[in-house]
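**Q** Pasting in a structure now, in structure tokens, and then I'll have a few things to ask.
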Amino acid sequence: KKTLVTTNWLFEQDKPKSNGEKNFRIMDAYDVTGKTLSQGSVEDFLSLFLDKYSAIYDILKRRENLKPIPIDEAKKQSKNTDVDIVGMVFEKRVTKQGNTLITVDDQSGRVNVVVTEGKNYEANPKDVLLDNVIGIKCSVLSRELFIAKDIMFADLPYEKLVTTAENDCYVALIGDLHVGSKLFREEEFNDFLEWLNGVNASQEDLEIISKIKYLIIAGDLVDGIGIYPKQYNELAITDIFEQYRCFEELALKIPDNIEVFLIPGNHDAVRLSEPQPAIAEKFLPNIYKKKNMHVLGSPSWVEIEGLLFLLYHGATLHGIFGKINDLKMDKPDLAQKELLIRRDLMPEFGGKQTFVPIEKNFMVIREAPAVFVCGHIHHHAYSRYKQCHLISTSCWQSMTAYQEELGHTPTISKAILFNLKDQSLHIKDFERKNE
């Protein structure tokens, strides 16, 4: 039985499977699908947070400049002694003097830490959220009060990772189709499928198409039923099985020589709480029969051509917009960066997104991905943070009334093409501008 580890992603029994020019493996141990790990008890909630703390603690203690000790041991040290601790943020408030008081705890105890206003810290105290696991270099003021000298998140390592492949091939990335919605851009999506099959493609495009070996669909395959108030009036297809049948009809047009990885989103027929298991076979019976199609949970991990991909629909991104550095929805990659810095897809519990009480925390980013893919925001974006490529996918749905209320303009019908060898990124635009 595979179990979660915090130091190594590679399993001898699960080596990459070669398939002609393609080389990939699905990291099944890091996908919640098919795993019964919760009884819904208070103890399961405790296990969820303890596993999160333990995993991020293990990352933080690898730092050369941090030698953490348990909080109760640190509290026994004499005044002005320097101590390092790792704690989960229990409370955060601003004092009358304008400083920030952060209360952190671990399994051994709890302590208040004063963060002085105006001092430079590795991590900006304003960006620290409740339930973040942080490392703090402190000076003991009293048994119940420490003074922060530095604050740090687990973050990505600085050492070079494997970010290039030997094979000159592409991964195509799309998401948020919303099949079944009246706003689904079906004609444009069919244009994309024809293009993948070489129809109406230029000679230059044919050269790229011949190198597309993988396709990632980052959730919200269909629009679902009852996802938001009055949705029924906005549906072209009001039966969930029919929505997936129509999605299958489209997806089966994808050439068989392309490996396809599908994950669910908040509109799909899986639980809303995360981590989300894969969409059940009863909804996608024909796709489950296809050897080149792989139905995964969210989040999930896939190693492709030696590069580690983290696939996540992105529901928790909404919870940090406006809370960190004035993040905006038109730059979702910057929100992805904040999740990487915290090494946590569940940065704050009890916000807009709900989570399953589960003894193993699948939301912790236990290793450093080479590519981090999200959908959900309906806005394509790309940037690079340290050695990791951050990719947010476009959608295939016209602007919704909810997006109009938010003032958010989605980017529509764009396929992102990422070259695994030279790390170049291309945007193929299928949007019909007169729509």
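**Q** Where the centroid of each part is defined by its Cα atoms, how far is the range 62-117 from the range 156-198 in Å?
**A** 44
**Q** Okay, moving on. Taking amide H atoms as placed 1.01 Å from N in the peptide plane, list the residues 5 or more away in sequence, or in a different chain, whose amide H sits under 5 Å from that of LYS149.
**A** Amide H neighbours of LYS149, under 5 Å, 5+ apart: LYS137, CYS138, SER139.
**Q** Another question about this same structure. Through the Karplus equation 6.51 cos²θ - 1.76 cosθ + 1.60, θ set to phi - 60°, convert the phi angles of the range 141-154 into ³J(HN,Hα) values in whole Hz; use x for Gly and Pro.
**A** Residue by residue, the range 141-154 yields 9, 7, 4, 10, 9, 10, 10, 6, 9, 7, 10, 9, 8, 5 Hz.
**Q** Something else: Here are several values of percent of Cα pairs over 29 Å apart: [x] 44; [y] 48; [z] 55. Which one was derived from the coordinates shown?
**A** Computing percent of Cα pairs over 29 Å apart and matching it to [x] 44; [y] 48; [z] 55 gives [y].
**Q** For ASN120 and GLU405 in the same chain, what is the full-extension length gain: residue separation times 0.36 nm, less their Cα-Cα distance, in nm?
**A** 98.8 nm
**Q** A further question on this structure: Once the range 305-407 is represented by equal point scatterers at the alpha-carbon sites, with solvent omitted, what log10 I(q)/I(0) does the Debye formula produce at q = 0.10, 0.15, 0.16, 0.19 Å⁻¹?
**A** For the range 305-407, the Cα-only Debye profile gives -0.28, -0.63, -0.71, -0.99.
**Q** How far apart, in nm, are the 7 Å Cα→Cβ label points at GLN387 and ARG432?
**A** So the two model labels end up 4.6 nm from each other.
**Q** A further question on this structure: Using a 1.4 Å probe on the protein heavy atoms only, what accessible surface does MET399 show? Give it in Å² to the nearest 10.
**A** The accessible area of MET399 comes to roughly 80 Å².
**Q** Additional query: Hey, how many Å between the Cα centroid of the range 363-421 and the Cα centroid of the range 277-327?
**A** 12
**Q** Same structure, new question: What FRET efficiency do you get for LYS182 and ASP205 if R0 is 35 Å and r is their Cβ-Cβ distance, rounded to the nearest 0.05?
**A** Calculated value: 0.70.
**Q** Still on this structure, I have one more. How long is the gain from SER142 to GLU64 if the chain were fully straight, where each residue apart is worth 0.36 nm and the alpha carbon distance is subtracted?
**A** 25.4 nm
**Q** Still on this structure, please answer the following. Give me the dipole magnitude in Debye, nearest 20, for the chain about the Cα centre, with unit charges on the beta carbon: positive for Lys and Arg, negative for Asp and Glu.
**A** Dipole size: approximately 1340 debye.
**Q** Just the number, please: carbon plus sulfur as a percent of the accessible area of the chain, 1.4 Å probe, no ligands or DNA/RNA counted.
**A** Roughly 49 percent of what the probe reaches on the chain is carbon or sulfur.
**Q** What do you get for the angle between helix 42-60 and the principal long axis of the chain? Use alpha-carbon atoms, 0 to 90 degrees, nearest ten.
**A** Helix 42-60 sits roughly 80 degrees off the main axis of the chain.
**Q** Under a 5 Å amide H to amide H cut-off, with H placed in plane at 1.01 Å, what residues pair with GLY314 once short-range neighbours are removed?
**A** Distant-sequence amide H within range of GLY314: GLY375.
**Q** Another question, if that's okay. Taking the Cβ of LYS323 as the center, what net charge do the other residues with Cβ under 13 Å away carry, scoring Lys and Arg +1 and Asp and Glu -1? All intermediate terms of the calculation are to be shown ahead of the outcome.
**A** On the way: positive: LYS92, LYS126, LYS328, ARG342, LYS352; negative: ASP127, ASP131, ASP326, GLU338, GLU348.
Combined, the nearby Lys, Arg, Asp and Glu give 0.
**Q** Output ³J(HN,Hα) for the range 188-201: one whole-Hz value per residue in order, computed from phi by the Karplus curve 6.51 cos²θ - 1.76 cosθ + 1.60 with θ = phi - 60°, and x for Gly and Pro.
**A** Result, ordered by residue: 5, 5, 5, 4, 4, 5, 5, 4, 4, 8, x, 7, 6, 9 Hz.
**Q** Rounded to the nearest 500 deg cm²/dmol, what is the calculated helix-only ellipticity per residue at 222 nm for the chain, with -39500 (n - 2.57) per DSSP H run of length n ≥ 4?
**A** The helix-only estimate for the chain comes to -5000 deg cm²/dmol at 222 nm.
**Q** Here is a follow-up. Against the longest principal axis of the chain, how steep is helix 240-251, in degrees 0 to 90 to the nearest 10, with axes from Cα atoms?
**A** 70
**Q** Another question about this same structure. Whose amide H sits under 5 Å from the amide H of ILE216, counting only residues 5 or more places off or on another chain, with H placed in the peptide plane?
**A** Hits under the 5 Å cutoff: ALA172, LEU173, ILE174, PHE261.
**Q** Follow-up. Could you run the Debye sum over the Cα atoms of the range 184-249, one equal point scatterer each and no solvent, and tell me log10 of I(q)/I(0) at q = 0.25, 0.27 Å⁻¹, two decimals?
**A** -1.13, -1.23
**Q** Could you give me the ³J(HN,Hα) list for the range 403-417, computed from phi with Karplus coefficients 6.51, -1.76, 1.60 and θ = phi - 60°, whole Hz, x at Gly and Pro?
**A** Rounded to whole hertz, the list is 5, 5, 5, 6, x, 9, 9, x, 9, 10, 6, 10, 9, 8, 10.
**Q** I'd like the FRET efficiency for LYS149 and LYS352, computed as 1/(1 + (r/R0)^6) with the beta carbon distance as r and R0 of 30 Å, rounded to 0.05.
**A** According to the calculation, E is roughly 0.35.
**Q** Against the empirical 2.2 N^0.38 Å scaling, what ratio does the C-alpha Rg of the range 287-353 come to?
**A** Compared with the compact-globule rule of thumb, the range 287-353 sits at 1.34.
**Q** Given points 7 Å out from each Cα along the Cα-Cβ axis, report the GLN107 to LEU50 separation in nanometres with one decimal.
**A** 0.7
**Q** I would also like to ask the following. Can you tell me the accessible area per residue over the range 201-283, all protein chains present, probe 1.4 angstrom, in square angstrom?
**A** 42
**Q** Just the number please: accessible area per residue for the range 312-365, 1.4 Å probe, all protein chains included, in Å².
**A** 33
**Q** Points 7 angstrom from Cα along the Cβ direction at LEU252 and LYS282: gap in nanometres?
**A** 2.1
**Q** Suppose the chain between GLU166 and ASP330 were pulled fully straight at 0.36 nm per residue; how much longer would it get relative to their current alpha carbon spacing?
**A** Residue separation times 0.36 nm, minus the Cα-Cα distance, leaves 55.7 nm.
**Q** Calculate how large, on average over all directions, the projected area of the Cα convex hull of the range 84-139 is; give the answer in nm² to one decimal.
**A** Over every viewing direction, the Cα hull of the range 84-139 projects on average to 3.8 nm².
The values are calculated or read from the model by the stated rules, or taken from the named source; none is laboratory data. Just so we're clear, the structure is a prediction, and the values are computed from it rather than from any experiment. No Cβ is skipped: glycine too gets one built from the backbone with ideal geometry, and neighbour counts run over all protein chains shown. Heavy atoms of the whole protein, side chains included, go into the accessibility calculation; ligands, DNA and RNA do not. Shrake-Rupley method; radii C 1.70, N 1.55, O 1.52, S 1.80 Å.
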